[in-house]
Structures are given as C-alpha cells and as structure tokens.
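Accompanying notes for the structure given below.
Just so it is clear, none of the values below were taken in a lab; they were calculated from the coordinates. Only a predicted model underlies this, so the values are computations on that prediction, with no experimental measurement involved. Virtual Cβ from ideal backbone geometry, glycine too; neighbours counted across all protein chains shown.
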Amino acid sequence: MARRKPTPRPHEPLTSFDARRDIAGIILNRWGHAYLNPQPGFFFGKDGEPAPREILRRAPFGRIAFANTDLSGAPDHKTAIMEGFRAVGQLLDRVLT
Ligand SMILES: Cc1cc2nc3c(=O)[nH]c(=O)nc-3n(C[C@H](O)[C@H](O)[C@H](O)COP(=O)(O)OP(=O)(O)OC[C@H]3O[C@@H](n4cnc5c(N)ncnc54)[C@H](O)[C@@H]3O)c2cc1C
C-alpha cells in the first residue's frame, strides 16, 4: 500500500521550485499597440474640405479600394472588418455593374 504524502506544514514550500535555482533569466518585451493619432481635420475635414479619409473611402482608385483601421480612426478588429467589407463591396459594384 502506497504511503500517503505528509501534509506540508504552513512554512514549508508546496513544490520543489526554487526561484533562485530554477530561473535563469526573465526577458520582458514591450510590444506597443499601434494607435492612430488623428490630427485636426482627420474626422470631419478642415476649412470646408472633406477629410482625406472620406476621399479614400468614397470610391476605389482604379482597381484599388482602400481599407484599414487607420481610415476609421479606431484601431480594432471590428473596424478592420467593416472597412474591408466596404472596400470589397465597392470593388464588386464595379465588377458587377
Ligand atoms: C499588440 C496588439 C494587440 C491588439 N489587440 C487587439 C484586440 O484585442 N482587439 C482588437 O479588436 N484589436 C486589437 N488590435 C488591433 C488590431 O489588430 C488592428 O487594428 C487590426 O488588425 C488592423 O487591421 P488592418 O487590416 O487595418 O491592418 P493590418 O492587420 O496591419 O493589416 C495590414 C496588412 O497589410 C500588409 N501590407 C503592408 N504593406 C503592404 C504592401 N506594401 N503590400 C502588401 N501587403 C502589405 C501587412 O503585412 C498586413 O498583413 C491589436 C493590435 C496590436 C498591435
């Protein structure tokens, strides 16, 4: 019959892990989350002119439609998908009409 392991006392470590012995080093990498820095005019245009992003969104340039989160001003997957959906729709409109 196997012997039961004795219950450790509160001051005894639960494992044989020893930080000084078992950790050779710690590497911490900082990976910044890119974030658009909208300048005046980015969202609503300036001096009566449309915002550049609206010009890029309005219609494809030849066979190229622009789609990325930078156009939305909000860097996340939701806006990436929305921009891509719009751009593909614009290209399909050109092909199918
Ligand atoms: C660390 C980190 C964590 C994040 N966490 C979240 C999160 O939790 N939730 C969330 O919603 N969003 C998150 N985001 C944001 C989200 O990932 C981005 O906003 C989104 O992926 C941007 O999509 P995009 O299509 O605009 O651009 P990207 O995903 O950057 O796609 C651009 C593509 O174009 C390609 N490309 C570039 N130049 C050229 C070229 N000349 N020719 C051909 N291809 C080219 C690139 O290789 C890339 O594949 C995170 C971003 C980072 C960096």
Based on what the data block shows, is Ala34 assigned to a helix (DSSP H, G or I) and within 16 Å of the ligand (Cβ to nearest atom)?
no
Selected residue (only one of Phe17, Phe42 is touching a Lys or Arg at 6+ places or on another chain (Cβ under 8 Å), away from the ligand (no atom under 15 Å from the Cβ) and of a type in the set (A, V, I, L, M, F, W, C))
Phe42
Does any residue of segment 58-66 turn out to be in contact (Cβ under 8 Å) with a residue 24 or more places away in the chain and of a type outside the set (Gly, Ala, Ser)?
yes
Scanning segment 58-97 residue by residue, those exposed (fewer than 14 other Cβ atoms within 10 Å of the Cβ), within 12 Å of the ligand (Cβ to nearest atom) and more than 15 Å from the chain's Cα centre (by Cα) turn out to be Ile64, Phe85
